[in-house]
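Working notes, beginning with the structure itself.
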Amino acid sequence: MPILIGLFLGLAAWFVVRVLIAGIYTIDQNERAVKTIFGRAQRVEGNRTTLDDPIAEQLRPDERERYVYPQVRVIPPGGPYFKMPWEKIHKVSIATTTMNMAVDLEDASDEELDALKEEFARTKVQAKQAAHESGPGRPAGEEDETAATRRAS
């Protein structure tokens, strides 16, 4: 009988940790997110597509055929939000990045190019560390770049 009680309490503790605590997430001010349920993004009500946006009025007829994508629900900054274990949160940074405009990359010396490469690598490492510290539900860096590329185009 004590084994069954211990098994039940262990299962209850696992459930609390796995579902309740690991299901809490936040979205930073410089991020937007999309929640997927079993891999499918939550859609906007009414089956709206990109052609329903005012910006689609500028598309030519041949372009309109290519850019028919469903509109998805974007999670705004804030929280805490809650997700179930089968849901995944895809976060994308919308922060503006800058670069030094005073450097002429064609005429730069090897030392200047090496310094720029080191600065870029350090910035990338800092961004990955910030993403890692933001908590569970954060997709890998490659997914962020892919999502940002899709969003930019």
### Index of the failed condition, LYS128 passing every other in (1) at pLDDT below 85; (2) under 30 Å from VAL17 (Cβ atoms); (3) exposed (fewer than 10 other Cβ atoms within 10 Å of the Cβ)
(3)
### Task
Find the residue count for the stretch 30-67, including only residues that are assigned to a strand (DSSP E or B) and over 30 Å from LYS83 (Cα atoms).
0
### Query
Considering GLU119, GLU142, GLU111, GLU106, which residue is at pLDDT 70 or above, out of contact with any Lys or Arg (no Cβ under 7 Å at 6 or more places or on another chain), acidic (Asp, Glu) and exposed (fewer than 12 other Cβ atoms within 10 Å of the Cβ)?
GLU111
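The values are calculated or read from the model by the stated rules, or taken from the named source; none is laboratory data. None of these values were measured; they are calculated from a predicted model. Positions of Cβ are generated from backbone atoms using ideal geometry, with glycine treated the same way; all protein chains shown enter the neighbour counts.
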